[in-house]
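Take a look at the structure below.
Bear in mind these aren't lab numbers, they're just calculated from the coordinates by the rules spelled out. Since this is a predicted model, take the numbers as computed values, not measurements. Glycine also receives a Cβ, built like all others from the backbone with ideal geometry; neighbour counts cover every protein chain displayed.
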Amino acid sequence: MCFDNAMAESFFGTLKRERVSRVAYLPREAARQDITRYIEFRYNYKRLHSVVGYRPPCEVHAGYQKLRSTA
């Protein structure tokens with residue numbers, strides 16, 4: 001059983017630092033929508049990730065698909 005939650009802690013730390021701490025949410029639904037939008041359009045597509053060589057995940061995925069189609 002794995003008790004290491006460093007990846008989750010890193011994600012939530014980034015989320016708090018880059019988004020949640022900068023915005024005051026009044027209704028809970030507004031917070032849910034804004035955080036979902038941040039994850040879908042910023043964190044997953046534009047933000048550079050160290051795990052994949054400081055490239056955006058969409059670029060890494062496109063490279064993977066290209067490599068997969070040529071193989």
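Some notes on this structure:
- Sequence of Ser69, Ser10 once ranked by neighbouring C-beta atoms within 10 Å, starting from the fewest: Ser69, Ser10
- Value at 222 nm in deg cm²/dmol, rounded to 500, when DSSP H runs of n ≥ 4 in the chain each add -39,500 (n - 2.57): -17000 deg cm²/dmol
- Length gained on full extension, Ala31 to Arg55, computed as 0.36 nm times the residue gap minus the Cα-Cα distance: 5.9 nm.
- Simple spin-label estimate for Lys16 and Thr70 in nanometres, 7 Å along Cα-Cβ: 4.3 nm
- Evaluating kT/(6 pi eta Rh) at 25 °C and 0.890 mPa s, with the Kirkwood radius of the chain over Cα pairs in the Stokes-Einstein relation, gives 172 µm² s⁻¹.
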